[in-house]
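Colleague: This is the structure I have questions about; it appears just below.
The values are calculated or read from the model by the stated rules, or taken from the named source; none is laboratory data. All of these numbers come straight from a predicted model, not from anything done at the bench. Note that each Cβ is placed from the backbone with ideal geometry, even for glycine, and that neighbours are counted across all protein chains shown. Accessible surface is based on the protein model in full, side chains and every heavy atom, while ligands, DNA and RNA are left aside. Shrake-Rupley method; radii C 1.70, N 1.55, O 1.52, S 1.80 Å.
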Amino acid sequence: MDQPEKYQISKWTLFVDSFMSKFITVGGLSVIAAVLLILIFIGKEVIPLLEEAKVSPLETIDLPKVDIEHVAVDEWTTLPAFITKNSVYLVNLQKNNEISSKQFELENNSPITAVNYDQERQLVALGNSKGHVSLVELNYSQEFLDKYENGRQKSKTIFTMSQKPYLALAEDEAKVIKIAANQSESTKIVAAVTEKNNQQQLLVVTLKQSVDLFGNVSDDLTVDEKLNFTEYITGKIQKIIISSQADSILVYTDKNEVFSFRTKNGKIGFSQKFEPFKDEADKEIASMNYLFGSSTVIFSNKTGRFLGFSIYKPSEDMPRVFGLTKTTFDDLDGGAEVFSRSLRNKSFLVSNGKRIKLMYSTSESVNWEDTLDYDIKHSIISGKYDRILLVDDKNKLNILKLSDPHPEASVKTYFSKVWYEGQPEPKYLWSSTGGTEEAEKQLSMMPLIFGTLKATFYAMLFAVPIAILAAIYTSQFLPDSWKTIIKPLMEVMASLPSVIIGFLAALILAPMVEAKVPSIILVIVSVPLAAFIMGSAWSYLPPKIRYKCTEGMEFVFFAPILILVTVVAWNMGPVLESWFFTVVDSQGREIISFSRWWSESLGYEYTQKNAMIVGFAMGFAVIPIIFTIAEDSLSNVPKSLTSASLALGASRWQTTWRVVIPTASAGIFSACMIGLGRAVGETMIVLCAAGGTGLMEMNIFNGMRTLSLNLATELPEAAKQGTLYRTLFFGALILFVLTFIINTVAEIIRQHIRNKYKTV
Amino acid sequence: MKKNNTNKPKGDSWVWFTSLGLSTGLLMVTGILIYILCQGLSAFWPKDVAQVKVNPDSSVNINGSKTIAGVVVKDQIKRKEINGEFKDVQELQLFVANRDLYNLSFIYIDKKDIEQKKYPENLMMVERLNDSKAIIIPTKLIKEDKTEIPFEDASFEAEFSKLVQEAENIRDKAYDIQVGPISDIVKKNKNLVVDQYPYYEKLKFNNETIQYLEQYRNAVESLDKISIGFLGLPSDEQAKYPESKEYLKLFSEAQLKLSEIGGSDFKNYQEIQEKISKGKVEESELVKQVTSLQKDLNKHTLEFTTASGYNSKVTIGNVIHYFYPNRLSTGNKIGMFFSNAWNFLTEDPRHANTEGGVFPAIVGTLMMTILMCIFVTPFGVIAAIFLHEYAKQGTIVRMVRIAINNLAGVPSIVYGAFGLAFFVYYVGGSIDELFYGDWVKSGNGAMFGTGGMLWASLTLALLTVPVVIVATEEALAAVPRGIREGALGCGASKWQMIKTVVLPACAPGIITGMILAMARGAGEVAPLMLVGVADIASELPIDSAFPFGLERKFLHLGYNVYHVGFKTVDSEASQPLVFATTLLLISIVALLNLAGIIIRQRLKKRYATSAF
């Protein structure tokens, strides 16, 4: 820096320059990074779906040395209860594991010989040696204390139990050896196996609680019906279970047959007999248990094979029966000696000896498995699905922490056919709520992807021909003075908010078109035909008339003809309908109706908001996008090529067809891809006009559910970070990746072409 | 003939065939635009109300009456099944209004069944405050002092219009109190609650204080139930409520104990509590004023009957606009057309958005678009300058460019989902936790942790940033090399060159990108459904104090179209309103677009001539 000061660059200038360089570099990089971060962030929302269940031991507590029959626990896992044949032992985890007990009442000192507990309804059933039965309701509640801890009011779990008076079930005072009970809002069912002189009887009693005018349920139970189902049973009964709606009884016998009794028209009766392991090598049933919701029963045999039977209607006019639906569960070492189910979802815990598995019924997957260092005798999953309680052979209670936030998520649930509860066959279905808490969540991505592709397909079918023809015409034949008006006009069309197109399509077009399908068919056929005939006929006209239309103004002359043909075709529609689309109704009358013809003669569904409407509307939305890009690439074909062709005597059409289109074909293809990308993600049009039922049919006259529609309708209501929330983000990720790939391919092709033209 | 054909170029019929594409496209665009224009404008045009008498054999009736008054909406041929046969029927669709009386808005009449159709001058069309439109025949006006003015009376018209005008003044007064003093006090009290919360937290240091605090708060709550802001009342007022004694005892006990233990924290807590109570008293006084004003609104009633013979009445305060459709001359109609359009643009929506105007939606849409523009432009321009001027051109920059181009094609709903997860739940949730913990904990609901104006405009900014980057880059590329080299040759540094030469040259390009981004943003609805749009909003998303209403949900024209068109009970009756909204939205978007296009074309011309 020997230069005199006045020739030196001012320090300030240098400072500003280097600062701005850094500022713009950092700023630019961070903007680009922020934009690209979207993918990563959406991925971050999805990844927890892949996490497996985590189980970790929390504590071990010694229990009194009693014969535990069943384990119960409250929702908050503060007061587990251990049910024996005489009493209930409680371990207070909030109070140094203090143990207390409550005795069951006896009748005339007859000992209790059978006890059963249902976790969902918290109902204990007792049966005694004189054939009498009693129900005990366990009740957990929380009471807030006057004490505070860390600013929070402390609470205490209160356990109460109320025992109903004994009821004589067996007239002959036979000993109850097996018992089961369950209750719905107003009905209770008790089923018991009694034994006297080695003779088994299956007795069932239904009890009703009277409900007064105000909807209050009284405490008094009245016997509604006493039934004896012994006659249906062959063999010795091994186990009875009753559904949580108190409408179905299942028993299995030592002959490995299952007998099902179901309520029909308010009466319970024999429904079905089946042999679950009929086709297996080992036919011996080892366990039989309901899952949450009591729509599915899980059986295991002695070799540790698991099968799921669900209740469904095999066909519309048949009653609901059990059928084999789940066959691909993982095997266990032996039969499920210990079984417990979740009260939140379709998970169940099975164990044999030291081996334990947490399985999920919908996806038939194993979410967690382990070999513990103790023999498991009893297990229970807490109501909040966050704790597992295991009692081992030394009467020790092991509390394990369960963390399985997304048990439903698996590749199978998202992409394979699943035999859902209540369905007659495996299907791809989407229904995130299912109406009730117990309903199985149906989270298949397939109907959504299919719907997206279907909507896109019909949109492209409509848009591509029009857009490309218009682009060819505009770029090759239209005078430049017109181009400057028409291109901006088409761009305005591109900016038409899609909610408006959707609104017009759903509320104006759909009702208008509903009864006019034949007219639409006629228009679609006759308009291109008219264009071609018109073109051919024009050349036979005397030149005087022909020259009235200067080259490139054909579209102005064609417009009135187009309108005319459309109007004529539209009004000829009913005539076409009366020729071809008639059905004969039940009274022998002939009815002219396309929609009925479509549904009755062809057996497809016909709805007002259908794929055709979506195709029109979405096609309309993508036409300008395809048009603009295709027109660009057609215009960019080097002038030297077209000039050479014209100079060699080719007509303007020959030049276009043989020279311009082949050169620009890749560009036209890329235009279609970009249009496709836009159609795939379009939301408001499908939200307005697609109906939203997730069907998997290519039928043009019914609706669909697309990924974008699904996101828009379900995401606002989905619980933050729940399974549905993450599944919806998975849908968003699919959409993102799909459009990103489509657009990248298109963009690469475009850049490739640009480089190619540079050299020409 | 043959001779004529010799000069016919080959394949001209195909040229005609390709003209099909352009003709169809243009006809569709112009068709739709004209349709929306007609429908949108006709929503403001006052239409005649027909009174139709139907053939007694026809099944059409309104609760047994065969006389029906309504606006003819459609006159169309419809295929109907009559006794098992399908027949084309010329059918009239009448908008009969009076949904509260009839439980329907439209009635369909076979034209052949119409015995008589006339346009009586005594039919009055009324727009009501809390109800849908009504078509009535007034019978008499009953004033507060029970004097009755029959409709036939000459003074009816003057009196009625005077009362309606009076009612409007009262409504305005009540509205002024509600949006002025009342909302100020509500906001002040909200802030006081937030200020009070930290002392509450501090005071909870042991179980005893917690117990007394709870007692204190419960007593205040119970006293508030007796009379709002009880503790702020003067003592002689307080004495009027004997049932308060018990709570006052609990209150003073807790107060005594807490001031012993709590010290200065409790003193502050107590002071704020007093202010809150006083504020509540002030508020309740003002609310009383408003209610008494509203009572004034309901002093006078108009008794009426309908063409179908229903007798009912409406309080004058419920009448917003009224006119006699069949008495209007063409000049009157034109006047009404403009006043309707003005009302549509400036009034608040009524009756769950199905009546009234769209003023809040216009404000919401514009606010969001402008905010988005403020966010998107600097970032987009910086990124573009970086990409074009500073980054080393190579494969990586090419890939980044492709990626950015592609992001413009990523579905908007994906951006919405991202906005929900990132801005609303992650950023908003964190802000709430850090700065508004007291606010949220004191039971005011989420502040930024829910959809709102700020998040919506940021999401849309992200959605449109590729548009700005691409447009700016194009403009930067169009600046001739000679200009740059000239500037550098004169001794400018790189930044000076960009600042003084390049940026001014490409300013129109940047503005184009900005306008195109605004046009895209204004028309997007899907992402807004996830990040901040509301069905009904009580407050505009503008405020003078921090956070300037940015956290509020807002109404949006595009969403209004969807919501009113699809999600309201009587969506068919509000279709004219939807069309008017549609027209407005299209006009805004088209104007923005046209501006962008025109600037771009000018820019192109400028550079076409400025050859170096």
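Colleague: Please list, ordered by chain and number, the residues whose modelled amide H lies under 5 Å from the amide H of residue A:113; skip anything fewer than 5 residues away on the same chain.
Modeller: It is A:127, A:128, A:129, by chain and number.
Colleague: Please give the calculated 222 nm ellipticity per residue for chain A, where each DSSP H segment of at least 4 residues contributes -39500 (n - 2.57) and the sum is spread over every residue; nearest 500 deg cm²/dmol?
Modeller: -11500 deg cm²/dmol
Colleague: Which value in deg cm²/dmol, rounded to the nearest 500, describes the helix-derived mean residue ellipticity at 222 nm for chain B, given -39,500 (n - 2.57) per DSSP H run of n ≥ 4 and division by the residue count?
Modeller: Calculated at 222 nm, the ellipticity per residue is -18500 deg cm²/dmol.
Colleague: So what's chain A giving for Cα Rg divided by 2.2 N^0.38 Å, two decimals?
Modeller: For chain A, the normalised Cα radius of gyration is 1.34.
Colleague: Suppose every K and R has +1 on its Cβ and every D and E has -1 on its Cβ; what is the size of the dipole of region B:174-296 about the Cα centre, in Debye to the nearest 20?
Modeller: Dipole size: approximately 100 debye.
Colleague: Please give the contour-minus-distance gain from residue B:226 to residue B:591: 0.36 nm per residue of separation, less the Cα-Cα distance, rounded to one decimal in nm.
Modeller: Computed gain between residue B:226 and residue B:591 is 125.7 nm.
Colleague: Set the Förster distance to 51 Å, then compute FRET efficiency between residue A:720 and residue B:156 from the Cβ-Cβ distance, nearest 0.05.
Modeller: Result of the calculation: an efficiency of 0.25.
Colleague: How high is the FRET efficiency from residue A:279 to residue A:172, r the C-beta distance, R0 41 Å, rounded to 0.05?
Modeller: Efficiency, from the Cβ-Cβ distance: 0.55.
Colleague: Using a 1.4 angstrom probe and counting only protein chains, how large is the accessible area of residue A:44 in Å², to 10?
Modeller: Near enough 110 Å² of accessible area.
Colleague: Once you sort the root eigenvalues of the Cα gyration tensor of region B:234-371 as a ≥ b ≥ c, which label holds: rounded (a/c under 1.5), prolate (a/b larger than b/c) or oblate (the other case)?
Modeller: It is oblate, given that a/c is not under 1.5 and a/b is not larger than b/c.
Colleague: Explain nothing, just compute: Karplus ³J(HN,Hα) = 6.51 cos²θ - 1.76 cosθ + 1.60, θ = phi - 60°, for every residue of region B:178-189 in order, whole Hz, x for Gly and Pro.
Modeller: 5, 7, x, x, 4, 5, 4, 5, 4, 5, 4, 4
Colleague: Moving on to the next point. Listed here are the pairs A:156/A:188; A:178/A:417; A:396/A:720; A:130/A:354; B:162/B:313; which of them are more than 28 Å apart at the Cα?
Modeller: Violating the 28 Å limit, Cα to Cα: A:156/A:188; A:178/A:417; A:396/A:720; A:130/A:354.
Colleague: Hey, another quick one. Please give the Cα centre distance for region A:389-414 versus region A:499-547, rounded to the nearest Å.
Modeller: Region A:389-414 and region A:499-547 have Cα centres spaced 64 Å from each other.
Colleague: Something else: Apply the Karplus curve 6.51 cos²θ - 1.76 cosθ + 1.60, θ = phi - 60°, to the phi angles in region A:521-526 and return the couplings in whole Hz, x for Gly and Pro.
Modeller: Those phi angles translate into 4, 4, 4, 4, 6, 7 Hz.
Colleague: Another question, if that's okay. Of B:593, B:555, B:391, whose Cα points farthest to the positive end of the dipole of region B:364-609 (charges on the beta-carbon: +1 Lys, Arg; -1 Asp, Glu; origin at the Cα centre)?
Modeller: The Cα lying farthest towards the positive end belongs to B:391.
Colleague: Can you grab the distance from the C-alpha centre of region B:179-210 to the C-alpha centre of region A:432-460, Å, no decimals?
Modeller: Cα centroid of region B:179-210 versus Cα centroid of region A:432-460: 48 Å apart.
Colleague: Loop only by DSSP, 14 or fewer other Cβ within 10 Å of the Cβ. Give me the GluC sites (Glu not before Pro) in region A:80-151 that pass, ordered by residue number.
Modeller: A:105
Colleague: Follow-up. List the trypsin sites (Lys or Arg not before Pro) within region A:554-645 that DSSP assigns to loop and that have no more than 15 neighbouring Cβ atoms inside 10 Å.
Modeller: Here the trypsin sites (Lys or Arg not before Pro) that fit, given the DSSP loop and packing criteria, are A:589.
Colleague: Another question about this same structure. Would you grab the residues whose amide H sits under 5 Å from the one on residue A:368? Only those 5+ places off in sequence or on another chain, please, with H modelled 1.01 Å from N.
Modeller: So residue A:368 has HN proximity to A:358.
Colleague: Using the Cα gyration tensor of region B:174-296, with a ≥ b ≥ c the square roots of its eigenvalues, what is the shape: rounded (a/c below 1.5), prolate (a/b larger than b/c) or oblate (neither)?
Modeller: Oblate.
Colleague: To continue, here is another question. By its C-alpha gyration tensor, with a ≥ b ≥ c as the square roots of the eigenvalues, how is chain B shaped: rounded for a/c under 1.5, else prolate for a/b larger than b/c, else oblate?
Modeller: oblate
Colleague: Let me ask you something else. If you take the accessible area of B alone, add that of A alone, and subtract the area of the pair, what total do you get in Å², probe 1.4 Å, to the nearest 100?
Modeller: 9300
Colleague: Given R₀ = 45 Å, FRET efficiency for residue B:100-residue A:51 by Cβ-Cβ distance, to 0.05?
Modeller: Here the calculated transfer efficiency is 0.25.
Colleague: Say the cut-off is 20 Å between C-alpha atoms; which of B:187/B:240; A:326/A:346; A:313/A:427; B:133/B:333 go over it?
Modeller: Check vs 20 Å cut-off fails for B:187/B:240.
Colleague: Find which of A:170, A:518, A:556 sits farthest along the positive direction of the dipole of chain A, computed with +1 on the beta-carbon of Lys and Arg, -1 on that of Asp and Glu, about the Cα centre.
Modeller: A:556
Colleague: Would you work out what percent of the accessible area of chain A, with all protein chains in place, is carbon or sulfur (probe 1.4 Å)?
Modeller: 56
Colleague: At 1.4 Å probe radius, can you tell me the per residue accessible area of chain A in Å²?
Modeller: Dividing the accessible area of chain A by its residue count gives 45 Å².
Colleague: Could you give the nm distance between label points at residue A:141 and residue B:37, where each point is 7 Å from its Cα heading toward the beta carbon?
Modeller: Result for the modelled spin labels: 7.1 nm.
Colleague: Let me ask something additional. Straight-line reach only, C-alpha to C-alpha below 13 angstrom: list the aspartates and glutamates that residue A:544 could link to, leaving out same-chain residues fewer than 8 apart.
Modeller: none
Colleague: So what J values fall out for region A:531-548 if you push phi through Karplus, 6.51 cos²θ - 1.76 cosθ + 1.60 with θ = phi - 60°, rounded to Hz, Gly and Pro as x?
Modeller: Residue by residue, region A:531-548 yields 4, 5, 4, 4, x, 5, 5, 4, 6, 8, 6, x, x, 3, 6, 4, 6, 4 Hz.
Colleague: So, for region B:174-296, what is the accessible surface per residue at a probe of 1.4 Å, expressed in square angstrom?
Modeller: On a per-residue basis, region B:174-296 sits at 57 Å².
Colleague: Can you list the residues, at least 5 places off or on another chain, whose amide H is less than 5 Å from the amide H of residue A:101, using H built in the peptide plane?
Modeller: Residues meeting the criterion, in which the H sits 1.01 Å from N, are A:90.
Colleague: Among the lysines in region B:364-609, how many pairs, 8 or more places apart or on different chains, have alpha carbons under 23 Å apart?
Modeller: Counting lysine pairs in region B:364-609 gives 6.
Colleague: Report, to the nearest whole %, how much of the accessible area of region B:283-328 belongs to carbon and sulfur atoms, 1.4 Å probe, protein only.
Modeller: Its accessible area is 47 percent carbon and sulfur atoms.
Colleague: Okay, moving on. Any idea which of B:259, B:292, B:185 is furthest toward the positive side of the dipole for region B:174-296, if Lys and Arg beta-carbons carry +1 and Asp and Glu beta-carbons -1?
Modeller: Among B:259, B:292, B:185, the one farthest towards the positive end of the dipole of region B:174-296 is B:185.
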